[in-house]
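The values are calculated or read from the model by the stated rules, or taken from the named source; none is laboratory data. For clarity, every value in this text was computed on a predicted model and none was experimentally measured. Ideal geometry is used to build each Cβ from the backbone, glycine not excepted, and the neighbour counts take in all protein chains shown. We work out accessible area using only protein heavy atoms, side chains counted, and drop any ligands, DNA or RNA first. Shrake-Rupley method; radii C 1.70, N 1.55, O 1.52, S 1.80 Å.
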Amino acid sequence: VISLSNFYKKPINECIDLLVNEEASLCASDKHCGDQVRQFLGDWGSHVNSWINQEKIPKLIIKYEDLLENPFLHFKSLIKFLRIEAEDDLITEAISNSEFEKLQKKESFEGGFLEKPDHCDKFFRSGKAGEGLKKLNDMQIEKIVKKFSVTLKKFNYLD
């Protein structure tokens, strides 16, 4: 929610409403969508589960928190999943080159990041996990947990 609020420059409650909206889409306007086409998302839980439960394409599930906790292990599993040959020193270099602080500096130095919308201050905002629990109030957290408890438990965000 915090990242979404930054990305779209929208209030937290509006972003929560988007996440719980079963009819949510990107580019919902018939008039203007920039350089994107309309994309149906559904609510956050349905969207996540549509990817997790599909069986037509191979998938590897790695949470951002996993990458923060043990980047080498998860980069190595990604390399293996993609069937790429890479020595450990190359994986270590890739991890180093994709450190959040380096990406922030690169974005700043190069004058932006292609995927960043014009209205967004920074694409690489903070890189920290768990900010929602610190920045959302109890009612906001309760609304999210009530709607998505099954999916949140599946990914160990709830006990």
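Of a type outside the set (Lys, Arg) and without any contact (Cβ under 8 Å) to a residue 24 or more places away in the chain, is that true of residue 111?
On the way: of a type outside the set (Lys, Arg): yes; without any contact (Cβ under 8 Å) to a residue 24 or more places away in the chain: yes.
When the stated conditions are applied, residue 111 passes them.
Identify, from the list 88, 121, 138, the residue that is more than 18 Å from residue 157 (Cβ to Cβ) and open to solvent by 90 Å² or more (accessible area, probe 1.4 Å). Walk me through how you get there before you give the answer.
Values: 88 fails: open to solvent by 90 Å² or more (accessible area, probe 1.4 Å); 138 fails: more than 18 Å from residue 157 (Cβ to Cβ).
The conditions single out 121.
Assess whether residue 95 counts as being open to solvent by less than 90 Å² (accessible area, probe 1.4 Å), of a type in the set (Val, Ile, Thr) and either in a helix (DSSP H, G or I) or touching a strand residue (DSSP E or B) at 6+ places or on another chain (Cβ under 6 Å) (or both).
Details: open to solvent by less than 90 Å² (accessible area, probe 1.4 Å): yes; of a type in the set (Val, Ile, Thr): yes; either in a helix (DSSP H, G or I) or touching a strand residue (DSSP E or B) at 6+ places or on another chain (Cβ under 6 Å) (or both): yes.
Answer is yes for this residue.
Name the pairs: first residue in segment 46-69 and open to solvent by less than 90 Å² (accessible area, probe 1.4 Å), second residue assigned to a helix (DSSP H, G or I) and among the polar types (S, T, N, Q), Cβ to Cβ under 8 Å, at least 6 apart or on different chains?
Correct list of pairs: 48/151; 49/151; 60/77; 62/77.
Looking for whichever is modelled with pLDDT of 95 or more and among the charged types (D, E, K, R) here; the options are 142, 99. Which one fits?
Of the residues listed, the single one that is modelled with pLDDT of 95 or more and among the charged types (D, E, K, R) is 142.
Which residue, of 115, 107, is under 25 Å from residue 7 (Cα atoms), part of a helix (DSSP H, G or I) and of a type in the set (Asp, Glu)?
One residue alone meets the criteria, 107.
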